[in-house]
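Trainee: Please read through the structure below; I'll follow up with questions.
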Amino acid sequence: MRQSTSNPDFEDFADVDVERLRGDTPGAANRIHLNNAGAALMPKPVVEGMIEYIQREAAIGGYEASAENAERLERVYDSIAMLIGSKREEISLAENATLAWQRAFYSLRFGPGDRILTTTTEFAANYIAFLQMASRTGAQVDIIPDDANGVLDPDALDRMIDARVRLIAITWVPTNGGLVNPAEAVGRIARAHGIPYLLDACQAAGQMPIDVSALGCDMLTATGRKFLRGPRGTGFLYVRQDFLKGLEPATIDLFGASLKGQYHYELRPDARRFETWEANYAARLGLGIAVDYALELGLGKIERRCRSLSDELRGELSEIPGVAVHDLGDRPASIVSFTIRDMSARDVMRYLVSKRINVSVSPPTSTPLDATRRKLPDIVRASPHYYNTTAEIRYLVEVLRQMPV
């Protein structure tokens, strides 16, 4: 592997100690990890914090450990609020982003003829939920057209608005293709028409700055395991405080609500009405540490570094005969999707794994509308993060050039 311990390639990250960051990332010494859109490598502080907490549970008991760490666990809400520019009362923690998204979506009410507007690149899990809701209620799902670059077209969205639109729900950065949808422009349209706006930010969180006020979203969901570098089994939901007042979760327990007599209950006033009483506190603590780690580094710096690495990779891949890059938009994010002529994506991934390079495969079933429209097969997905190096990018490209076909 061609790597350097002192690399001029870090010039766009010059005010950050990249060697310290790689030292904080044990996995970076073992392999080239370019699967950060799947699950990034956790930094040492996250791992050590979780292990310390679990050891404390073993030593004194689970309830006792959570009571002892109550202040630290509460600060997780503050950290996430700082990450996205919200209030702590607007944050709900979840066991994963899918659950967070479902809790938000299934708290909304739809009836016959109501319209749900979404994108051509919507994640399959979300789209299935739209179809289920349509089947249950008689609502309909309509697709917002894209512009010539394959990006959601805000003008087309604006023309679709009528009195029957009950929700605009989009994925900001889809799971494949590098696309970055114009989330702020969508928010302006939603606010202008008073339409609820649900934003899936799974691939954005930890990769770029997030400001929910600028985005204009009523609800936002994200995961911990991807670019935030947190543990698996963590996620969060943001619900704008004014919007929260009219929402009741589809399911509640004694944490999200309290009994007020034999026949009455009262919902919590904050977004934690979407949570349940039991939780994995070690994982929550790890998520908070990961968020603090990203905040200390700076999301603007992270975004610039990620774009620099992914842009270089796209440029290098486009020069390899037989390689097709399938990314969309004029400023794609750090998800690079490609195929190699006459080779399946899974064979490419297996070969790269044999060279200690981690990538993933994104099947058409992940983004079915987009894959059908563009006739996409399984594609290879490489997703650099700030702890990757240009030397690693060039090594990947060299391996692909020399790969037996």
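Read the figures in this text as sums done on the coordinates, not as results from a lab. Just so it is clear, the model here is predicted, and its values are computed rather than measured. Please note: Cβ atoms are built from the backbone with ideal geometry, for glycine as well, and neighbour counts cover all protein chains shown.
Trainee: What lysines could a cross-link reach from residue 355, if we take a straight Cα to Cα line under 25 Å and drop same-chain neighbours fewer than 8 places away?
Mentor: 44, 226
Trainee: Between residue 128 and residue 155, how high is the FRET efficiency from 1/(1 + (r/R0)^6) when r is the Cβ-Cβ distance and R₀ = 30 Å? Nearest 0.05.
Mentor: Step by step, r from the Cβ atoms, then E = 0.60.
Trainee: Could you work out how much longer the chain between residue 195 and residue 140 gets when fully extended? Use 0.36 nm per residue separation minus the Cα distance between them, nm to one decimal.
Mentor: Extra length from residue 195 to residue 140 when fully extended: 18.2 nm.
Trainee: Also, I was wondering about something else. Applying 1/(1 + (r/R0)^6) with R0 = 56 Å to the Cβ-Cβ distance of residue 82 and residue 324, what FRET efficiency is obtained, to the nearest 0.05?
Mentor: Working from the Cβ atoms, E equals 0.85.
Trainee: Is there a quick way to get the dipole size of region 49-296? I mean about its Cα centre, with the Cβ of Lys and Arg at +1 and of Asp and Glu at -1; what is the value in debye to the nearest 20?
Mentor: So the dipole magnitude of region 49-296 works out to roughly 380 debye.
Trainee: Give the distance, in whole Å, between the Cα centre of region 252-322 and the Cα centre of region 336-405.
Mentor: Using only Cα atoms, the two centres lie 26 Å from each other.
Trainee: For the chain, modelled as a Gaussian network with Cα springs under 10 Å, which listed residue fluctuates most, 72, 240, 229?
Mentor: 72
Trainee: Out of 299, 131, 117, any idea which swings most in a Gaussian network model of the chain, alpha carbons joined below 10 Å?
Mentor: 131
Trainee: Please identify the longest segment of the chain free of exposed GluC sites (Glu not before Pro), where exposed means a DSSP state other than H, G, I, E or B and no more than 13 other Cβ atoms within 10 Å.
Mentor: In the chain, the maximal stretch lacking such sites is 1-277.
Trainee: At 222 nm, what value in deg cm²/dmol follows for the chain if DSSP H runs of at least 4 each add -39500 (n - 2.57) and the sum is divided by all its residues, to the nearest 500?
Mentor: Calculated mean residue ellipticity at 222 nm is -12000 deg cm²/dmol.
Trainee: Looking at the chain, what % of its DSSP beta bridges pair antiparallel, to the nearest 5?
Mentor: 55
Trainee: If you place +1 on the Cβ of every Lys and Arg and -1 on the Cβ of every Asp and Glu, how big does the dipole about the Cα centre of region 302-367 come out, in debye to the nearest 20?
Mentor: Around 280 debye, computed over region 302-367.
Trainee: Follow-up. Can you put 202, 217, 306 in order of Cβ neighbours within 10 angstrom, beginning with the fewest?
Mentor: By the 10 Å Cβ count, ascending: 306, 202, 217.
Trainee: Which aspartates and glutamates, if any, have their Cα less than 17 Å from the Cα of residue 260, not counting same-chain residues under 8 positions apart?
Mentor: Leaving aside aspartates and glutamates fewer than 8 places away in the same chain, those within reach of residue 260 are 248.
Trainee: With a 10 Å cut-off between alpha carbons and a GNM built on the chain, which of 152, 259, 99 moves the most?
Mentor: 259
Trainee: Shifting gears a bit: So for the chain, averaging the separation of alpha carbon pairs under 8 Å that are six or more residues apart and normalising by length, what relative contact order in percent results? Write out the running numbers ahead of the final one.
Mentor: Working: 779 pairs, mean separation 95.0, N = 405.
Relative contact order for the chain comes out at 23 percent.
Trainee: Something else: With P(r) over Cα pairs in 20 Å bins from 0, in percent in mind, check (i) 27, 56, 17, 0; (ii) 27, 60, 13, 0; (iii) 23, 47, 25, 5, 0 and report the label derived from this structure.
Mentor: Only one option fits the structure, namely (i).
Trainee: Tell me, 339, 367 in order of fewest to most beta-carbon neighbours within 10 Å?
Mentor: 339, 367
Trainee: Below 10 angstrom from the Cβ of residue 114, what's the summed charge of the other residues (Lys, Arg +1; Asp, Glu -1)?
Mentor: +4
Trainee: What lysines sit close enough to residue 245 to cross-link, taking a C-alpha to C-alpha distance under 17 Å and skipping anything fewer than 8 places away on the same chain?
Mentor: 87
Trainee: Assuming R0 = 60 Å, can you tell me the calculated FRET efficiency for the pair residue 20 and residue 259, based on Cβ-Cβ distance, to the nearest 0.05?
Mentor: My answer for the efficiency is 0.70.
Trainee: Just in region 233-333: which chymotrypsin sites (Phe, Trp or Tyr not before Pro) are loop by DSSP and have at most 10 other Cβ atoms within 10 Å? Don't skip to the end; give the middle numbers.
Mentor: Numbers: sites: 236, 238, 243, 255, 263, 265, 274, 277, 281, 293; in loops: 255, 263, 277.
Taking region 233-333 and a limit of 10 other Cβ atoms within 10 Å, the loop chymotrypsin sites (Phe, Trp or Tyr not before Pro) found are 263, 277.
Trainee: Mind checking region 303-350 for trypsin sites (Lys or Arg not before Pro) that DSSP puts in a loop (not H, G, I, E or B) and that have at most 12 other Cβ atoms within 10 Å?
Mentor: When the trypsin sites (Lys or Arg not before Pro) of region 303-350 are filtered for loop state and at most 12 Cβ neighbours within 10 Å, 341 remain.
Trainee: In region 355-405, what trypsin sites (Lys or Arg not before Pro) fall in a loop by DSSP, with at most 16 other Cβ atoms inside 10 Å?
Mentor: Values: sites: 355, 356, 373, 374, 375, 381, 394, 401; in loops: 355, 356, 375.
Hits after loop and neighbour filter: 355, 356, 375.
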